[in-house]
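Student: Here it is: the structure, laid out below.
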Amino acid sequence: MKCVEVERAEDAKHFRTLIAHTEPKRPVIYSMTKEEKKRFVAHDKWDREFFAKRSGEAHYRNTRNPTFFNIPSDSVWDIAHFFVLRTCSWAEFVDKIQNKKEHVLISGIDAHLRTMGNSVVDKWKDCWIDIQPGLDEFVPGGTKSDDIDIVGLWLSGSGISCQTHWDIIGDHNLLFQIKGKKRFLLWEPMDGQEHLYPVPFRFWHTSRIPDPYNVDLQQFPLYRHAKTFATEMKEGDILYVPARWWHHVTHDGDFNMNIACWYASQYRLRKPHPIKTWCVPRPISGFFLLLKVVVAVLLAMFLMFKQKLL
């Protein structure tokens, strides 16, 4: 698969300039210097032991296979299991990752350090202190961390990947890699809508292609026309993902840790461009996918109810 490498910024000033002043927006990656990492205390402080010693409960998701929430290819049972938010002690969660017997992750969508209401979540205040100075330095446009809408924490083991999608709220995303590595594939908004076979329901904003690294071109012939951008995030890297850019992420490293910062763009909650009719699956296909998710949600509700009883 031929890919275009994501542009790499020369220094922090160049990184902020590319994000704030380049049109149309495009992904940019930057590797922090040792001095810049010092402001981002989490790089030295956060490790397995740090999280294993945390008090309270870890809220995590369990996936039956390394690709979490892949609507077209996963079974109803697998999707239902992913919908169930489970709890355990932090020590138990870290142990689950180390033992590699389960595919578990703490999702940045579920684990908000900072919420849309511009308030730091109480149980994460100590972690917020460790990352705020670093965020203040790198949030684009001269703004501060207070202007970020949501900050989410991702924790996982190795090999977990997500279904190709774009973030539906329409925000830009600034990602900070703390531990491990992440491999990214990215596509421009319209390129994705024309060539990645979106599921024909706006609120899903996901691709029907199960694995963009191994695509059946007989089943998905338009994919050969897609222009794929690629990059690998290492510890200390920052990746800017513009609003509405499609992306596929693979988590590497025995203990993977990432901070995601979403902040407003001009596209927030605006309806996307209509998906071209020749790219949309037939209505009957879309109906069955919707039915699959509905059944999975009902099954997940039953599993959560059963979990509470136990």
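Just so it is clear, none of the values below were taken in a lab; they were calculated from the coordinates. Note that this is a predicted model, so its numbers are computed, not measured. Positions of Cβ are backbone-derived with ideal geometry, glycine not excepted, and every protein chain shown enters the neighbour counts.
Student: Of Lys53/Lys123; Lys123/Lys181; Lys101/Lys292; Lys37/Lys181, which pairs sit farther than 18 Å apart, going by alpha carbon to alpha carbon? Before the final figure, lay out the partial values.
Tutor: Details: Lys53/Lys123 14 Å; Lys123/Lys181 26 Å; Lys101/Lys292 27 Å; Lys37/Lys181 16 Å.
Violating the 18 Å Cα-Cα cut-off are Lys123/Lys181; Lys101/Lys292.
Student: Moving on to the next point. Averaging sequence separations of C-alpha pairs under 8 Å and six or more residues apart, then dividing by the length of the chain, give the relative contact order as a whole percent.
Tutor: 25 percent
Student: Which FRET efficiency value, to the nearest 0.05, is calculated for Leu298 and His59 with the Förster distance at 30 angstrom and r the Cβ-Cβ distance?
Tutor: 0.90
Student: Also, I was wondering about something else. Using just the helices of the chain, give the 222 nm mean residue ellipticity in deg cm²/dmol: DSSP H runs with n ≥ 4 each add -39,500 (n - 2.57), and the total is spread over all residues, rounded to 500.
Tutor: Details: 9 runs with 91 residues, N = 310.
Using -39500 (n - 2.57) per qualifying helix, the result is -8500 deg cm²/dmol.
Student: Dipole of the range 4-309, Cα-centred, from +1 at each Lys and Arg C-beta and -1 at each Asp and Glu C-beta, to the nearest 20 debye?
Tutor: Its charge dipole is roughly 700 debye.
Student: Can you list the residues, at least 5 places off or on another chain, whose amide H is less than 5 Å from the amide H of Thr164, using H built in the peptide plane?
Tutor: Excluding prolines and chain starts, which carry no amide H, the hits are Ser207.
Student: Of (1) 116; (2) 135; (3) 199, which is the value of volume of the Cα convex hull per residue in Å³ derived from the coordinates here?
Tutor: Identified label for the calculated read-out: (2).
Student: At 15 angstrom or more along the helix axis (alpha-carbon based) and mean Kyte-Doolittle of -0.5 or higher, what helices does the chain contain? Whole DSSP H runs only.
Tutor: Details: long enough: 125-138 (20 Å, -0.44); 283-309 (39 Å, 1.80).
In the chain, the long hydrophobic H runs are 125-138, 283-309.
Student: Could you check which residue among Ser73, Ser158, Ser55 shows the biggest mean-square fluctuation in a GNM of the chain with a 10 Å Cα cutoff?
Tutor: Between Ser73, Ser158, Ser55, it is Ser55 that shows the largest mean-square fluctuation.
Student: While we're here: Restricting everything to alpha-carbon atoms, can you work out Rg to Rh for the range 1-47 with a Kirkwood hydrodynamic radius?
Tutor: Rg/Rh for the range 1-47 comes to 1.09.
Student: Taking the Cα centre of the range 9-158 as origin, sum charge times position over the Cβ atoms of Lys and Arg (+1) and Asp and Glu (-1), and report the length of that vector in debye to the nearest 20. Show your work: numbers first, answer last.
Tutor: Numbers: 22 positive and 23 negative charges, 50 e Å.
Dipole size: approximately 240 debye.
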